[in-house]
Amino acid sequence: MPREIEFLYDFGSPNAYLVHRAIPAYAGRVAFRFVPVLLGGVFKATGNQSPMQAYGHVAAKRDYDMLEIRRFIARHGIAGFAMNPHFPVNTLLMMRGAVAAESLGCAEAYIEAMFAGMWEQGLKLDDPEVWAATVSAAGLDAAALGAAASDPEIKGRLVANTEAAVARGVFGIPSFFLGDELWFGKDRLRDVVEAAEAG
């Protein structure tokens, strides 16, 4: 039985999208469990901020970050990525929807729809109407997901996921756990997979 890697994600992270696209190449080698957390909540709790906010004034750093994205895309054969013109997008509705989708048994299709909508289609998914149309286009029940996402229990579960992540040392997304060991960033994907395979 392959060891399980926890993949902590938020749809607002382009690097989380890239990891999502790269994960299928490791099918059969390791297992991944997707864990939705609210990146804004992580930032607030840790005092961290996005690279664009922290280093947006450093042109060489911005250019290098884009170079690393291009390298990752080439290494994993990813097609279709485009920066979202509405970035940054408030992901609260999307992430509550992710927890709701888990409870309704449609997480895989929901995750695919949200990541593709954000980082391939350039949609403004913090607009409830755009969100609902995207969910429906994926063949999912937007009314049921919307109602579940508004449920206090679902909201609380997202808060609990986020607080638990911070308590375990998470400060940004994407993050991975193999057991209790934390790995951060898309470029650690191969490392955590190799560690999982090494047992």
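For HIS86, which of the numbered conditions (1) over 30 Å from GLU129 (Cα atoms); (2) surrounded by fewer than 19 Cβ atoms within 10 Å (Cβ to Cβ) fails to hold?
(1)
Condition (residue is touching a residue at least 24 places away in the same chain (Cβ under 8 Å), open to solvent by 50 Å² or more (accessible area, probe 1.4 Å) and part of a helix (DSSP H, G or I)) applied to region 163-173: is it met by at least one residue? Don't jump to the end; show me each part of the working.
We begin by selecting, within region 163-173, every residue touching a residue at least 24 places away in the same chain (Cβ under 8 Å); these are 163, 165-166, 170-173.
Keeping just the survivors that are open to solvent by 50 Å² or more (accessible area, probe 1.4 Å) gives 163, 171.
From what is left, the residues that are part of a helix (DSSP H, G or I) are 163.
Looking through region 163-173, at least one residue is touching a residue at least 24 places away in the same chain (Cβ under 8 Å), open to solvent by 50 Å² or more (accessible area, probe 1.4 Å) and part of a helix (DSSP H, G or I).
Does PHE72 satisfy the criteria of being of a type in the set (Phe, Trp, Tyr) and in contact with a Gly (Cβ under 9 Å, 6 or more places away or on another chain)?
Judged against the criteria, PHE72 is not a match.
Name the pairs whose Cβ atoms lie under 7 Å apart, with the first residue in region 9-28 and among the charged types (D, E, K, R), the second not in a helix (DSSP H, G or I), and 6 or more positions between them or separate chains?
Pairs found: ASP10/VAL37; ASP10/LEU38; ASP10/THR91; ASP10/ILE173; ARG21/ILE78.
Considering region 21-35 alone, what residues qualify as being over 15 Å from ARG168 (Cβ atoms) and either modelled with pLDDT under 95 or of a type outside the set (Phe, Trp, Tyr) (or both)?
Once the filter is applied, which keeps residues that are over 15 Å from ARG168 (Cβ atoms) and either modelled with pLDDT under 95 or of a type outside the set (Phe, Trp, Tyr) (or both), region 21-35 yields ARG21, ALA22, ILE23, PRO24, ALA25, TYR26, ALA27, GLY28, ARG29, VAL30, ALA31.
A quick yes/no check of all residues on (1) among the hydrophobic types (A, V, I, L, M, F, W, C); (2) on the phi > 0 side of the Ramachandran plot; (3) open to solvent by 20 Å² or more (accessible area, probe 1.4 Å):
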residue	(1), (2), (3)
VAL30	yes, no, no
PHE34	yes, no, yes
LEU39	yes, no, yes
VAL42	yes, no, no
GLY47	no, yes, yes
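With a cut-off of at least 2 residues that are under 16 Å from the mean Cα position of the chain (by Cα) and either buried (at least 23 other Cβ atoms within 10 Å of the Cβ) or free of Cβ contacts under 8 Å to residues at least 60 places away in the same chain (or both), name the helices (runs of 4 or more DSSP H) lying wholly within region 92-138. Working first, answer last.
Details: elements: 92-104, 107-119, 128-137.
Ranges flagged: 92-104, 107-119.
Could you tell me whether ALA59 is open to solvent by 60 Å² or more (accessible area, probe 1.4 Å) and at negative phi?
Considered against the rule, which asks whether it is open to solvent by 60 Å² or more (accessible area, probe 1.4 Å) and at negative phi, ALA59 comes out as no.
So which residues in region 164-188 are farther than 18 Å from LEU39 by Cβ and in contact with a strand residue (DSSP E or B) (Cβ under 8 Å, 6 or more places away or on another chain)?
LEU178
Which condition does ALA74 not pass, out of (1) touching a strand residue (DSSP E or B) at 6+ places or on another chain (Cβ under 7 Å); (2) over 24 Å from LEU178 (Cβ atoms); (3) among the aliphatic types (A, V, I, L, M), if it passes all the others?
(1)
Within region 20-50, which residues are more than 20 Å from ASP191 (Cβ to Cβ) and assigned to a helix (DSSP H, G or I)?
LEU39, GLY40, GLY41, VAL42, PHE43, LYS44, ALA45, THR46
Within region 14-21, can one find any residue that is open to solvent by 70 Å² or more (accessible area, probe 1.4 Å) and farther than 20 Å from VAL99 by Cα? Quick ask: steps written out before the conclusion?
The first filter runs over region 14-21 and keeps only residues open to solvent by 70 Å² or more (accessible area, probe 1.4 Å), leaving none.
Looking through region 14-21, none of the residues is open to solvent by 70 Å² or more (accessible area, probe 1.4 Å) and farther than 20 Å from VAL99 by Cα.
Would you call ALA74 of a type in the set (A, V, I, L, M), surrounded by fewer than 19 Cβ atoms within 10 Å (Cβ to Cβ) and more than 22 Å from PRO174 (Cα to Cα)?
no
The values are calculated or read from the model by the stated rules, or taken from the named source; none is laboratory data. Just so it is clear, the structure is predicted and the values come from calculations on it, not from any experiment. Don't worry about glycine lacking a Cβ; one is built from the backbone with ideal geometry, like all the others, and counts go over all protein chains shown. Calculation scope for accessible area: heavy atoms of the full protein, side chains included, ligands and nucleic acids excluded. Shrake-Rupley method; radii C 1.70, N 1.55, O 1.52, S 1.80 Å.
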